[in-house]
1. Which order do the peptides 79-90, 123-134, 52-63 come out in when sorted by mean C-beta neighbours inside 10 angstrom, highest first?
2. What fraction of the DSSP beta bridges in the chain is antiparallel, stated in percent and rounded to the nearest 5?
3. Rounded to whole Å and ordered largest first, report the semi-axes of the equivalent ellipsoid of the chain derived from its Cα gyration tensor (root of 5λ).
4. When the Karplus curve 6.51 cos²θ - 1.76 cosθ + 1.60 is applied with θ = phi - 60°, which whole-Hz ³J(HN,Hα) does each residue of the range 137-143 get, with x for Gly and Pro?
5. Net charge around I156, counting only other residues with Cβ within less than 13 Å of its Cβ (Lys, Arg = +1; Asp, Glu = -1)?
6. Can you give the local net charge around G39? Use residues other than it whose beta-carbon is closer than 15 angstrom to its beta-carbon, Lys and Arg +1, Asp and Glu -1.
7. Given the peptides 136-145, 153-162, 109-118, 21-30, arrange them by the average over their residues of other C-beta atoms within 10 Å, most packed first.
8. Relative contact order for the chain using alpha-carbon pairs under 8 Å, separation at least 6, rounded to a whole percent?
Amino acid sequence: MSIAVFASGSGSNFQRIAEVAQQDRWPEPVSLLICDRPGAKVLSRAEKLLIPAYSFVPRSYPSKADYEKDVLALLEKYQIKWIVLAGYMRLIGPTLLQAYQGRIVNIHPSLLPAFPGKNAIGQAFSYPVKVSGVTVHFVDEGMDTGPIIAQVPVEIADDDTEETFTKKIQQVEHQLFPKVVYDLITGKISCPDHLYRNQSKGENQ
Ligand code: GRF
């Protein structure tokens with residue numbers, strides 16, 4: 001059994017987790033990258049790390065369920081137990097949620113529930129808050145709403161720009177995310193079903 005990372009963009013978190021897993025010889029390796037944006041930088045990172053990568057075009061499918069059925073077939077082929085969302089810019093639908101509930105985690109660059117969704121760093125800057133941070137959480141059907149596993153605050157200094165603050169966030173992410181994923185695959189943390197809110201709403205897609 002192993003880990004699949006889903007990503008849409010640069011893939012620095014994917015690279016970091018894959019490198020730590022390889023270096024530290026995790027019992028369950030990162031063995032698959034799923035990308036929903038052909039040409040994304042994360043694909044070249046996967047190539048360098050010799051990790052199989054599959055690039056999908058979700059809008060070419062008649063529905064999200066059809067897209068996710070193809071992804072699911074691939075996850076089964078690679079015997080994937082865990083899904084790690086690292087900059088995957090798409091909500092997970094019922095097809096994948098039902099198969100992987102409690103085994104999907106996401107990283108988000110804010111202290112949830114503040115600033116969910118896109119451009120969380122920009123949202124924190126324009127609010128403006130003095131502290132934001134990083135959250136890792138289990139994934140449910142909502143936008144950045146699942147049970148929280150870990151949070152690290154990051155102060156926004158008076159002289160920070162969005163760019164300098166983004167670098168601080170990335171440094172924290174690259175420390176925190178591999179640690180949480182390792183704890184997950186080794187059973188140190190898990191998600192009891194009752195922690196999921198809105199259980200019954202999972203079907204509506
Ligand atoms: C990270 O900031 C993560 O929190 C958010 O998307 C970004 C992905 O960055 N969900 P990268 O592609 O891993 O560099």
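1. Numbers: 79-90: 20.2, 123-134: 17.2, 52-63: 13.0.
Descending mean neighbour count gives 79-90, 123-134, 52-63.
2. Working: 11 of 27 bridges.
Here the share of antiparallel DSSP bridges comes out near 40 percent.
3. Details: eigenvalues 130, 80, 62 Å².
Largest first, the chain gives 25, 20, 18 Å.
4. 9, 5, 9, 10, 6, x, 8
5. Values: positive: K130, K167, K168; negative: E155, D158, D159, D160, E162, E163.
Result for the local shell: -3.
6. On the way: positive: R37, K41, R45, R59; negative: D36, E47.
Local net charge: +2.
7. Details: 136-145: 20.3, 153-162: 12.9, 109-118: 17.1, 21-30: 15.1.
In descending order of packing, they fall as 136-145, 109-118, 21-30, 153-162.
8. On the way: 345 pairs, mean separation 39.8, N = 205.
Taking the mean separation of contacting Cα pairs over the length of the chain, I get 19 percent.
Read-outs throughout are calculated quantities, based only on the coordinates presented, and are distinct from any laboratory measurement. Keep in mind it's a predicted model, so treat the numbers as computed, not measured. Please note: Cβ atoms are built from the backbone with ideal geometry, for glycine as well, and neighbour counts cover all protein chains shown.
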